[in-house]
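Chemist: I have a structure here, written as structure tokens, and I will follow up with some questions on it.
The values are calculated or read from the model by the stated rules, or taken from the named source; none is laboratory data. Keep in mind the model is a prediction, meaning the values are calculated, not measured. Backbone-built Cβ (ideal geometry, glycine too); neighbour counts: all protein chains shown.
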Amino acid sequence: MGLELLTDRAAELFEKCFGHAPRWVAAAPGRVNLIGEHTDYNHGFVLPMAIDRYTVAAGDRASGSGITLHSLTAGETASFPARPPMRRGAPAWSNYVRGVVHGFQQRGKIGGFNAVIDSEIPLCGGLAGSAALEVATATLLEAMMRLPLEPQAKAELCQRAEHDFAGVPCGIMDQFTAILAQEGHALLLDCRDCGATPVRLSDPSVTVLIINTNVRHRLAGGEYARRRAQCEAAARALGVASLREVRFADLDAAHERLDPVTFRRVRHVVTENDRTLLAARALQARQWEMAGQLMYQSHASLREDYEVSCAELDVVVEIAQKLGTGGGVWGCRMTGAGFGGCAVGLVRTEAVKTIRREIEEQFERRTGGHAAIFSTRPAAGARLYSRRAPNLAFELCPSAPWPNPARPESEPGVLG
Ligand code: GLA
């Protein structure tokens, strides 16, 4: 549908629901992680990019002290008071908004407001739809309540909302990407100091393919928290602040001190950090085959050592690997938390049609399921539109007063 239509649709519905045009529409993208999985909460490296699918929140201040949200995606309305203390409540999706409002309440007075929420990000696909909702809400609140936040503070506020109101102890990757992403670039994030380095990915002969297995495993939430706890326990046992401090050369010594399962978790994180840095360099140098090999290695490590893949994701990666570079596929791996959701492929643009058909057919034959496949390109992070008068068109607002903390491309940073 595209961001413009999505914005118009949300604005129109707002007018229908609340009797006047909204003053603002905030938009935040989903993301796909190219490599660097389950490393963010270990203060490691990740290499995500925003996808060209957004969640939008059309909103305006309300005269009363209540918050009313209408979600087009869920087909539901949520109403709750704006005054603190903010509590969790039904419907479940409203908790992402409640959590963000709670974060702003720590910084100033939040009055009542109305909003219509719409999204093109597939639900539960591991494409960070929840972070997009948090960041769109935060972007709207920054404007409505005149409380602008620096990017890192904004990402942390949204991450806290997810921890405290949705009960998911996620890392910072998704929220950061939704805020900082740049068109035509992936983002190499150092999750220890929140440093971001854009990595150009705009060669028209290369396409990023997202393959949604449409599988959602119920265990995902608990298993994610368990992995995180295992990593933190391993860091304590090894006497380091986080697994980021463990080097490949330290693995032999770690083997002696950890039980076999914990050791495998650590090995994944340590080797994944190395792979992520190598992949960023490979993308920058347009060494697609090298980047693709690292993606396959990442998948194997997530499957064997971290144990967060599932049969359907493994089937997608197997099909892709069999098609190989000759069939136009450089690399493929599961993306996001795992246990279902999506795989990401780095493929030759001219072969996209055939690759899609092959994966769809073979996936159905082997699993009986339907894989939803779409191509995407690196999109821009959160943005805000406003209109000066109800009859005027929405205009993109100038970005926040702070400079984008992403290092300029000319400065090599960790890519040295
Ligand atoms: C989820 C979390 C992220 C990250 C990934 C795994 O998407 O929200 O913070 O941990 O899983 O890499």
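Chemist: Just name the residue that is nearest to residue 204 (Cα to Cα) out of those in segment 351-373 that are surrounded by 12 or more Cβ atoms within 10 Å (Cβ to Cβ) and without any contact (Cβ under 8 Å) to a residue 24 or more places away in the chain.
Modeler: Checking each candidate, the answer is 360.
Chemist: Of all residues in segment 112-127, which are at pLDDT 95 or above and more than 17 Å from residue 56 (Cα to Cα)?
Modeler: Answer for segment 112-127, where residues must be at pLDDT 95 or above and more than 17 Å from residue 56 (Cα to Cα): just 112.
Chemist: Could you pull out every one of the helices (runs of 4 or more DSSP H) wholly within segment 255-356 that has 1 or more residues that are touching a helix residue (DSSP H, G or I) at 6+ places or on another chain (Cβ under 8 Å) and farther than 20 Å from residue 39 by Cβ?
Modeler: Numbers: elements: 260-284, 288-304, 311-323.
The qualifying helices (runs of 4 or more DSSP H) are 288-304, 311-323.
Chemist: Can you find, within segment 51-68, the residue that is farthest from residue 381 (Cα to Cα) among those that are out of contact with any helix residue (DSSP H, G or I) (no Cβ under 6 Å at 6 or more places or on another chain) and at pLDDT 95 or above?
Modeler: Filtering first and then ranking leaves 66.
Chemist: Let me ask another. What's the total number of residues in segment 45-97 that are buried (at least 24 other Cβ atoms within 10 Å of the Cβ), more than 16 Å from the ligand (Cβ to nearest atom) and of a type in the set (Phe, Trp, Tyr)?
Modeler: 1
Chemist: How many residues does segment 303-361 contain that are away from the ligand (no atom under 16 Å from the Cβ), at negative phi and of a type outside the set (A, V, I, L, M, F, W, C)?
Modeler: 21
Chemist: Further question on the same structure: Which numbered condition in (1) in contact with a Gly (Cβ under 9 Å, 6 or more places away or on another chain); (2) surrounded by fewer than 22 Cβ atoms within 10 Å (Cβ to Cβ) is the only one that residue 107 fails?
Modeler: The number of the failed condition is (1).
Chemist: Another one. Which residue out of 341, 345 is touching a Cys at 6+ places or on another chain (Cβ under 6 Å) and crowded, with 18+ Cβ neighbours inside 10 Å? Full working, then the answer.
Modeler: Numbers: 341 fails: touching a Cys at 6+ places or on another chain (Cβ under 6 Å).
Answer to the selection: 345.
Chemist: Now for a separate question. Find the residue count for segment 172-230, including only residues that are part of a helix (DSSP H, G or I) and among the aliphatic types (A, V, I, L, M). Please lay out each step first, then the result.
Modeler: In the first step, residues of segment 172-230 are kept if they are part of a helix (DSSP H, G or I); the result is 173-180, 220-230.
Imposing the further condition that a residue be among the aliphatic types (A, V, I, L, M) reduces the set to 173, 178-180, 220, 225, 229.
So the count comes out to 7.
Chemist: Here is a list: 172, 179. Which entry is within 11 Å of the ligand (Cβ to nearest atom), surrounded by 20 or more Cβ atoms within 10 Å (Cβ to Cβ) and within 12 Å of the chain's Cα centre (by Cα)?
Modeler: On the way: 179 fails: within 11 Å of the ligand (Cβ to nearest atom).
None of the others qualify; the one that does is 172.
Chemist: Would you mind stating whether residue 37 is among the acidic types (Asp, Glu), within 16 Å of the ligand (Cβ to nearest atom) and farther than 23 Å from residue 399 by Cβ? Give the steps one after another, and end with the answer.
Modeler: Numbers: among the acidic types (Asp, Glu): yes; within 16 Å of the ligand (Cβ to nearest atom): yes; farther than 23 Å from residue 399 by Cβ: yes.
Judged against the criteria, residue 37 is a match.
Chemist: How many residues does segment 282-295 hold that are surrounded by fewer than 18 Cβ atoms within 10 Å (Cβ to Cβ) and either polar (S, T, N, Q) or at negative phi (or both)? Spell out how you get there, then give the answer.
Modeler: Step one: of segment 282-295, the residues surrounded by fewer than 18 Cβ atoms within 10 Å (Cβ to Cβ) are 285-287, 289-290.
Filter again for either polar (S, T, N, Q) or at negative phi (or both), leaving 285, 287, 289-290.
Residues that pass the stated criteria total 4.
Chemist: Mind checking which residues of segment 182-195 are away from the ligand (no atom under 15 Å from the Cβ) and under 25 Å from residue 345 (Cα atoms)? Reasoning before the result, please.
Modeler: Going residue by residue through segment 182-195, those that are away from the ligand (no atom under 15 Å from the Cβ) are 182-185, 193, 195.
Answer for segment 182-195, where residues must be away from the ligand (no atom under 15 Å from the Cβ) and under 25 Å from residue 345 (Cα atoms): 182, 183, 184, 185.
Chemist: Right, here's the next one. Taking segment 270-290 only, how many residues are touching a strand residue (DSSP E or B) at 6+ places or on another chain (Cβ under 7 Å) and among the β-branched types (Val, Ile, Thr)? Let's see the steps before the verdict.
Modeler: Residues of segment 270-290 that are touching a strand residue (DSSP E or B) at 6+ places or on another chain (Cβ under 7 Å), as a first pass: 273, 276-277, 280, 283-284, 288-289.
Filter again for among the β-branched types (Val, Ile, Thr), leaving 276.
Total satisfying the criteria: 1.
Chemist: Okay, moving on. Report the residue count in segment 197-227 for those that are within 16 Å of the ligand (Cβ to nearest atom) and either surrounded by fewer than 18 Cβ atoms within 10 Å (Cβ to Cβ) or at positive phi (or both).
Modeler: 8
Chemist: Take the residues of segment 221-244 that are touching a residue at least 40 places away in the same chain (Cβ under 8 Å) and more than 21 Å from residue 176 (Cβ to Cβ): which is farthest from the chain's Cα centre (by Cα)? Break it down into steps so the answer makes sense when it comes.
Modeler: Quick first cut of segment 221-244, residues touching a residue at least 40 places away in the same chain (Cβ under 8 Å) only: 221, 223-225, 227-228, 231, 235, 241-244.
Adding the requirement that they be more than 21 Å from residue 176 (Cβ to Cβ) leaves 221, 223, 235.
Details: 221: 16, 223: 18, 235: 25 Å.
By that ranking, first place goes to 235.
Chemist: Under the condition of being assigned to a helix (DSSP H, G or I), surrounded by fewer than 24 Cβ atoms within 10 Å (Cβ to Cβ) and of a type outside the set (Asp, Glu), which residue from segment 145-164 is nearest to the ligand (Cβ to nearest atom)?
Modeler: 163
Chemist: Further question: Might you let me know whether segment 98-115 holds any residue that is farther than 22 Å from residue 52 by Cβ, in contact with a helix residue (DSSP H, G or I) (Cβ under 6 Å, 6 or more places away or on another chain) and within 15 Å of the ligand (Cβ to nearest atom)?
Modeler: yes
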